[in-house]
Amino acid sequence: LSQYLLMLITQISPKEGWQVYSSAQDPDGRCICTVVAPEQNLCSRDAKSRQLRQLLEKVQNMSQSIEVLNLRTQRDFQYVLKMETQMKGLKAKFRQIEDDRKTLMTKHFQELKEKMDELLPLIPVLEQYKTDAKLITQFKEEIRNLSAVLTGIQEEIGAYDYEELHQRVLSLETRLRDCMKKLTCGKLMKITGPVTVKTSGTRFGAWMTDPLASEKNNRVWYMDSYTNNKIVREYKSIADFVSGAESRTYNLPFKWAGTNHVVYNGSLYFNKYQSNIIIKYSFDMGRVLAQRSLEYAGFHNVYPYTWGGFSDIDLMADEIGLWAVYATNQNAGNIVISQLNQDTLEVMKSWSTGYPKRSAGESFMICGTLYVTNSHLTGAKVYYSYSTKTSTYEYTDIPFHNQYFHISMLDYNARDRALYAWNNGHQVLFNVTLFHIIKTEDDT
């Protein structure tokens, strides 16, 4: 099943245990997982052989982390290089137009000028990636040298000063962590896939995992149909989900509406049938912990997505927190984004967009930005995005393969860095490519 598993990112305190920095796929499609061992308390020089083996494992883990960081940076670097080539080509055309502008239409001149303005900000990003690539190369070389020393010292203890080697490892680990921290939330650039995990259920439904679960908790929840149902099925893992080995079922106190539910930090959030009430249901406690009306939100097919199905209120989660996406009469049926308190379900802040809810196929949040598709059918693409950080929007053109022709659920999982989708009775996963901005020391 490794071909089905996508990138997993889990943050754990280094003192608590092993740390999973990131993961990726190599060119052959195999999964690469990167872990960093917990800090060791070296109180004496006793049992040096065992300590050296642990130290060597830590260096090897950091080496894997370097490779993953290098893979991600090089991928984005190649994208920026392509943009640079396009920009140079446009610049040449622009100069040609300036030399002979009187013979061309003003409209065409303005379009090219606007395209140039869009590409110019990529120059400093390109330069930063070049610098970052050099830094990663230095890290890789230092890791190789240190690994060779540690391998030799396992055979002949005492040939080198152990404490000096330990300080070199700690220094390199600190520098690596500082480099990793520069990778911030990214902008959606590409959607690939899908990978079909299973074929089951009706044409409409939802399936999900918890983005805040620990690395050992891979439970899957399955909710078939968009109405007239209260049964949630739980599976201990993706493998159990594929084989149909249920671990537990939950009989909710209320029927749900739509397919836009989310599991977040151990609780299910869903829209109560024939209402604009949001329910928080704890799986561990088996009861409702909170419920609250989403003020002015349309419900029961007043403002659904293009496919209908009581999809008026869409609950979702990303790296920032819990969100509700819906429409109101006050905003003329256009999409409203609200950030919710995960405990009380109170609206902490809202943003009113200008995109009609009924014209949206589906939507999902990544790093505080809402991405909206223009259809639920074949040919659908991510057409519009709205940033809650800047309160600005833009029209996009990010296609994806609607393999089974009808999508009734599309949600982002921040832990897996993947989109979970219900595609006409098929449970599928899409991989996402994010364009990471590297923070420099001059950034504020």
Problem - Given (1) at pLDDT 95 or above; (2) open to solvent by 30 Å² or more (accessible area, probe 1.4 Å), index of the condition ASN228 fails - result: (1)
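Here is a yes/no grid of residues against (1) touching a Ser or Thr at 6+ places or on another chain (Cβ under 6 Å); (2) of a type in the set (Val, Ile, Thr); (3) closer than 30 Å to SER214 by Cβ; (4) crowded, with 20+ Cβ neighbours inside 10 Å:
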{"position": "ASN329", "(1), (2), (3), (4)": "no, no, no, no"}
{"position": "GLN342", "(1), (2), (3), (4)": "no, no, yes, no"}
{"position": "HIS376", "(1), (2), (3), (4)": "yes, no, no, yes"}
{"position": "SER391", "(1), (2), (3), (4)": "no, no, no, no"}
{"position": "TYR420", "(1), (2), (3), (4)": "no, no, yes, yes"}
Fill in the blank from the handout: Restricted to the stretch 308-327 and to residues being within 16 Å of TYR296 (Cβ to Cβ) and of a type in the set (A, V, I, L, M, F, W, C), the residue surrounded by the fewest Cβ atoms within 10 Å (Cβ to Cβ) is ALA324
Completion exercise
Sole miss for ALA239 among (1) closer than 21 Å to GLN291 by Cα; (2) outside any loop (DSSP other than H, G, I, E, B); (3) hydrophobic (A, V, I, L, M, F, W, C) is condition (1)
Handout entry: So GLU234, is it touching a strand residue (DSSP E or B) at 6+ places or on another chain (Cβ under 6 Å), in contact (Cβ under 8 Å) with a residue 12 or more places away in the chain, among the charged types (D, E, K, R) and not in a strand (DSSP E or B)
Key = no
Completion exercise
Exactly one of LEU188, LEU183 is at pLDDT below 60, surrounded by 12 or more Cβ atoms within 10 Å (Cβ to Cβ) and under 23 Å from ASN431 (Cβ atoms), and that one is LEU183
Problem - Residue count for the stretch 263-314, restricted to those that are within 14 Å of THR227 (Cβ to Cβ) and of a type in the set (Asp, Glu) - result: 1
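The values are calculated or read from the model by the stated rules, or taken from the named source; none is laboratory data. All of these numbers come straight from a predicted model, not from anything done at the bench. Note that each Cβ is placed from the backbone with ideal geometry, even for glycine, and that neighbours are counted across all protein chains shown. Calculation scope for accessible area: heavy atoms of the full protein, side chains included, ligands and nucleic acids excluded. Shrake-Rupley method; radii C 1.70, N 1.55, O 1.52, S 1.80 Å.
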